[in-house]
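So the structure is just underneath, and the comments pick up after that.
The values are calculated or read from the model by the stated rules, or taken from the named source; none is laboratory data. Everything numeric in this text was worked out from a predicted model, so none of it was measured. Note: ideal-geometry Cβ built from the backbone for every residue, glycine included; neighbour counts use all protein chains shown.
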Amino acid sequence: MIKKNDHKKAWITMVIAVAVLALVGLLDNLPSTIVPSMLLTVLQKGAIYALVAVSMNLLNGFTGLFSLGQAGFMLLGAYTYAVLTVPVERQASVYQRYKGGGLGFSVTQSLGNSMGQFGLLLGVVACLILAGCVAGLFAWLIGLPVLKLKSDYLAIATLGFAEIIRAVVMYEKLGPVTNGSNLLYGFTSFTDFHLGSLKLTTVMPFLFAGLCILVVVLLINSTYGRAFKAIRDDEVAAEAMGINLAKHKRMSFIISSFFAGISGALLAMFQASVQASAFKAAMTYEILLIVVIGGIGSITGSVIAAFLFVGCSEWWLRFLDNETILGNFGVKVKFAVVFGAVIAAVVAFGMLRMKRKGKKLLTHAVQGQPAVNWRAVLGLAVAAIALVWDIWFVISPNLKLPLLRQGFRMVVFSVVIMIVVLFFREGIMGDREFWDMGRRKRAAAKKAGASE
Amino acid sequence: MFDKILPYLLAGISVGGQYALISIGYTMVYGILRLINFAHGDIFTVAGFAMVYAAATLPLSVSIPLTIVLTVILGVLVEKVAYRPLRSAPRMSVMISAIGMSYLLQNSMWYLTGGLAKQYPVLPWVSDRVNVAGTTTSRVTIITPFLTLLLVAGLVLLIKRTKIGMAMRAASRDFETAQLMGIKINNVISFTFVVGSLLAAVGSMLYFSNYATVTPTVGAMPGLKAFVAAVFGGIGSVPGAVVGGFIIGICESLIKGAGLTTFSDAFTFALLIVILAVKPTGLFGENLTEKV
């Protein structure tokens with residue numbers, strides 16, 4: 001039964017979606033003096049990562065199956081898409097190591113030639129769905145033996161499976177199709193889409209990823225979704241309630257892989273080239289960390305975290321990778337003041353915590369020697385050294401900012417991730433969703449009103 | 001025929017011994033904490049880098065023990081920072097923490113070393129070429145299996161005959177009860193990491209003597225394979241890990257010899273999936289019933 005409320009919700013969702021797409025389309029077409037090209041890159045890649053994070057969350061967060069095979073399914077999707085869409089005339093140069101390689105046809109090209117932009121879109125959609133289906137098919141195959149395994153065995157088996165896929169794709173004998181360990185390029189990418197003279201480079205990934213995420217959201221709110229959550233919370237109880245464990249686990253695994261395959265294809269489109277060696281276990285780890293940062297079991301969280309993650313790694317933290325010399329005295333003082341303030345704040349916070357816990361730097365033991373709180377002393381010593389460095393930094397000329405060097409960005413990044421993993425295990429959203437925050441508040445208010 | 005197989009067989013036994021040394025670290029930690037220590041492979045790589053930098057300035061007689069000590073300290077530190085705060089958290093959280101730690105170690109190594117491959121120092125005598133039954137190979141190939149077996153024998157004695165070994169066995173049998181019996185569980189876990197890291201350091205010396213260069217991500221693959229070896233042998237069992245390590249090393253080397261290098265990694269993981277599907281407890285694993 002469709003409630004009146006559902007109609008309203010559908011309308012609101014549609015309006016928001018159209019507004020977002022229009023905004024992105026606007027950004028796409030503004031001159032590069034106003035919109036930095038980095039922003040567009042982050043938006044495109046962020047949308048794709050959002051989709052793959054959501055697909056992983058469906059499995060890990062909503063069904064409780066800890067799988068680490070995402071990179072493998074993305075690889076399958078990316079290659080399926082790329083192989084099907086490399087234009088005929090470029091196949092000779094792309095497959096130059098394998099004479100006569102390539103399929104001899106290109107889905108998007110033949111449809112694009114006969115029907116223009118619409119045909120191109122049709123071809124891309126068909127290839128994306130096919131990419132998802134190939135990933136889903138392999139998920140079904142691998143799921144037969146693997147889904148019986150428990151938590152960490154499942155993780156390591158799926159991780160291993162992803163490695164096997166990578167090895168097979170890079171196999172020399174498959175070269176005429178997959179181009180072995182060489183790059184595949186030249187296929188249809190986001191830049192090929194335009195409406196008249198309007199560019200649609202960023203709109204397309206938003207459209208595709210958004211549609212897929214919408215499907216996942218609808219799935220999670222359906223009976224199947226509730227069954228998944230029941231399995232996650234308690235397998236035994238779920239089985240007792242009549243949920244077919246094997247069927248639902250398999251279903252979740254296949255659907256998750258289907259969308260991972262599509263996101264792999266989208267990633268290939270974004271990069272305009274694809275190589276099997278990029279889809280390593282490290283990629284899966286990154287996606288897992290996005291899911292964790294966003295909150296395991298929250299679609300909204302995964303989407304937000306994906307954009308944050310991509311933004312940080314591609315754009316906002318870039319400055320950490322450059323060696324920087326602050327010559328200007330004013331800038332230097334500003335930096336030193338901020339740095340000093342941060343240290344002071346940390347020390348003050350530590351002192352406050354100690355006071356609240358009733359600890360002192362030097363406690364007089366009831367009998368005998370006074371006991372020194374070594375941890376606090378060590379902390380103070382480090383803070384003092386940092387302050388001395390801070391002052392020295394201001395007076396010495398042209399001192400290079402320490403630590404900033406190629407690779408520092410990733411160190412800072414992984415430290416932040418570890419802090420989230422250790423101290424903020426809920427992530428950004430916990431298991432809440434954007435759309436039920438208002439509802440929960442209202443429910444809480446109602447409850448409070450009733451109890452009064 | 002035998003002449004052709006022999007070099008691969010020797011290489012396989014050698015690399016198998018190295019996997020065995022790494023996989024002991026996995027199997028012992030898993031036995032007690034029920035945790036796949038994803039950072040173990042990276043600790044193995046850190047040992048490689050430590051050796052590169054130590055040997056650049058210090059004589060080998062100092063740099064070898066120094067490397068081992070540094071690796072052990074790192075191993076214990078990782079446990080303290082990343083796993084101890086999550087002792088009562090769900091297993092998935094700890095595993096995510098382990099993955100995060102592996103990510104952190106890899107990125108830190110990349111930053112500190114500049115991401116370039118470093119030449120591993122040549123260990124005299126160990127790296128010399130010798131002639132075995134008509135094929136030349138480096139001496140490390142011959143030493144590895146014996147050294148591995150020696151270390152494992154020592155470890156088994158330690159586990160079976162000493163008090164700390166008994167505590168480890170108790171902790172792996174039942175965590176909470178062991179604690180109730182007065183075993184200081186944190187010390188036992190730290191000690192497990194000490195042993196695991198020590199063997200990883202020795203394994204890294206043998207491994208890199210054969211492969212000559214160290215890069216920040218080089219440890220990921222041997223790490224995963226060593227874990228497969230641990231599962232194959234039956235997780236939690238030290239002799240199982242050793243047997244698993246040798247079997248995987250030899251098979252892999254023979255597959256390479258047959259000209260199917262691409263599939264040598266794939267074989268290992270296929271083996272994992274098969275063994276998990278057929279006999280999840282591995283060759284020597286105990287039949288543990290999963291607690292609900």
Tally up the residues in region B:121-165 that are touching a Lys or Arg at 6+ places or on another chain (Cβ under 9 Å) and surrounded by 14 or more Cβ atoms within 10 Å (Cβ to Cβ), please.
6
Check B:V29, B:V76 and return the single one that is in contact (Cβ under 8 Å) with a residue 12 or more places away in the chain, surrounded by fewer than 19 Cβ atoms within 10 Å (Cβ to Cβ) and in contact with a Phe, Trp or Tyr (Cβ under 9 Å, 6 or more places away or on another chain).
B:V76
Just a yes or no: is a residue in region A:111-129 more than 28 Å from B:D265 (Cβ to Cβ), more than 14 Å from every other protein chain (Cβ to nearest Cβ), at pLDDT below 80 and crowded, with 22+ Cβ neighbours inside 10 Å?
yes
Can you find a residue that is within 14 Å of chain B (Cβ to nearest Cβ), among the hydrophobic types (A, V, I, L, M, F, W, C) and part of a loop (DSSP other than H, G, I, E, B) anywhere in region A:66-85?
yes
Pick out the one residue from A:R409, A:R425, A:R405 that is within 14 Å of chain B (Cβ to nearest Cβ) and over 30 Å from B:V94 (Cα atoms).
A:R405
Cβ pairs under 7 Å, 6+ apart, first in region A:13-34 and not assigned by TED's automatic domain parsing to the domain that holds A:L211 and at pLDDT 85 or above, second in a helix (DSSP H, G or I) and among the acidic types (D, E):
none
Report yes if B:S63 is free of Cβ contacts under 8 Å to residues at least 60 places away in the same chain and of a type in the set (S, T, N, Q), otherwise no.
yes
Only one of A:F270, A:F309 that is in the same structural domain as A:V169 (by TED's automatic domain parsing), of a type outside the set (G, A, S) and closer than 30 Å to B:M95 by Cα
A:F309
Just to be sure, is B:T45 within 14 Å of chain A (Cβ to nearest Cβ), of a type in the set (V, I, T), within 10 Å of the chain's Cα centre (by Cα) and assigned to a helix (DSSP H, G or I)?
no
Residue that is farthest from B:I13 (Cα to Cα), among those in region B:182-229 that are in contact with a Ser or Thr (Cβ under 7 Å, 6 or more places away or on another chain) and of a type in the set (G, A, S)
B:S197
Unique match (being more than 14 Å from chain A (Cβ to nearest Cβ) and either crowded, with 22+ Cβ neighbours inside 10 Å or under 18 Å from the mean Cα position of the chain (by Cα) (or both)) among B:P216, B:P239
B:P239
What's the total number of residues in region B:81-136 that are assigned to a helix (DSSP H, G or I), of a type in the set (G, A, S) and more than 9 Å from chain A (Cβ to nearest Cβ)?
1
Scanning region A:378-428 for residues that are modelled with pLDDT under 85 and among the polar types (S, T, N, Q), which turns out nearest to A:V291 (Cα to Cα)?
A:Q406
Per-region count, region A:160-195, residues within 9 Å of chain B (Cβ to nearest Cβ), assigned to a helix (DSSP H, G or I) and of a type in the set (A, V, I, L, M)
5
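A quick yes/no check of all residues on (1) polar (S, T, N, Q); (2) touching a Cys at 6+ places or on another chain (Cβ under 6 Å); (3) buried (at least 22 other Cβ atoms within 10 Å of the Cβ):
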{"position": "A:P36", "(1), (2), (3)": "no, no, no"}
{"position": "A:L40", "(1), (2), (3)": "no, no, no"}
{"position": "A:I48", "(1), (2), (3)": "no, no, yes"}
{"position": "A:M56", "(1), (2), (3)": "no, no, yes"}
{"position": "A:N60", "(1), (2), (3)": "yes, no, yes"}
{"position": "A:T63", "(1), (2), (3)": "yes, no, yes"}
{"position": "A:S67", "(1), (2), (3)": "yes, no, yes"}
{"position": "A:A71", "(1), (2), (3)": "no, no, yes"}
